[in-house]
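To keep things clear, I will list the structure first and then write my remarks on it.
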Amino acid sequence: SSRYGTLRLCPLDSGIVRVTFARGTSLSRDEAPPLTIKGADGAWMYKTLGNVVEVTTDELCLRVDKTGGAITYMTRDKKPLLSERPRECRQIENGPGGVRTWLYLDWKKEESLQGIRAGGTGVSLRRSARYISHGGKGKELPLLVSDRGYGILFPTDRPTICCDIPTYGSYLYTENVTQMDFYFLLAGALKKIEVL
């Protein structure tokens, strides 16, 4: 918790962690996400190392900077996968239909990102700004997949945009939601997720 908001990490499987963030001192009451995780292994542990908190599963290690709340996502053996921007990594503001959220990320220059469309086809997300949501059509949720072996899944049918334009920065944006809510997962864990 900070003056800006409350961050929660919820390990759901050795390769899947749910991340939620809301302004203030409490998170919104959990709504049941429109998905289940088959064969989930929820064993995890955490430790505090000075100004850092580490949450570890059998496959992942998430390192949270207690000063600004930025998360570094790594494999269990500390191989970096993704980092949130060190300063002001999250932004939340009220909008006309709910809350709007921005998650600012530091993608690697050579990293390839794909937004997965209905039918499993991908669209490149680098150097562009694109919707990755499907507008509530079918059983498709906004999903970004990296060639570095991870994905980010949003459990919403609300508008979700991936922006990677140098003028505006690199971020994931959602609107008309109650709080920031996404799943960080290893690519191999995608097969465990079933959309309801």
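The values are calculated or read from the model by the stated rules, or taken from the named source; none is laboratory data. Nothing here was measured: the structure is a model prediction, and the numbers come from that model. Note: ideal-geometry Cβ built from the backbone for every residue, glycine included; neighbour counts use all protein chains shown. Accessible surface areas use protein heavy atoms only, side chains included; no ligands, DNA or RNA. Shrake-Rupley method; radii C 1.70, N 1.55, O 1.52, S 1.80 Å.
One table, with the values for the structure above:
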{"quantity": "With every protein chain in place, the range 74-117: carbon and sulfur % of accessible area (1.4 Å)", "calculated": "46"}
{"quantity": "Diffusion coefficient, µm² s⁻¹, Stokes-Einstein with Kirkwood Rh over alpha-carbon pairs of the range 157-196 at 4 °C and 1.567 mPa s", "calculated": "103"}
{"quantity": "Length-normalised contact order of the chain in % [C-alpha pairs under 8 Å, at least 6 apart]", "calculated": "21"}
{"quantity": "Filter on K38/K109; K47/K108; K47/K191; K47/K109; K79/K109 - keep pairs with C-alpha separation over 25 Å", "calculated": "K38/K109; K47/K108; K47/K191; K47/K109"}
{"quantity": "Highest-first arrangement of 84-95, 174-185, 43-54, 64-75, where packing means the average Cβ count within 10 Å", "calculated": "174-185, 64-75, 84-95, 43-54"}
{"quantity": "Residue-normalised accessible area of the range 1-160, given per residue in Å² at a 1.4 Å probe", "calculated": "53"}
{"quantity": "Under the Karplus curve 6.51 cos²θ - 1.76 cosθ + 1.60, θ = phi - 60°, whole-Hz ³J(HN,Hα) for the range 75-85, x wherever Gly or Pro sits", "calculated": "6, 4, 8, 6, 7, x, 10, 7, 10, 7, 4"}
{"quantity": "Zero-based 5 Å bins, Cα pair distances in the range 122-196, whole percents", "calculated": "3, 15, 25, 26, 21, 8, 2, 0"}
{"quantity": "Hydrodynamic radius of the chain per Kirkwood, over alpha carbon pairs, in Å", "calculated": "17.0"}
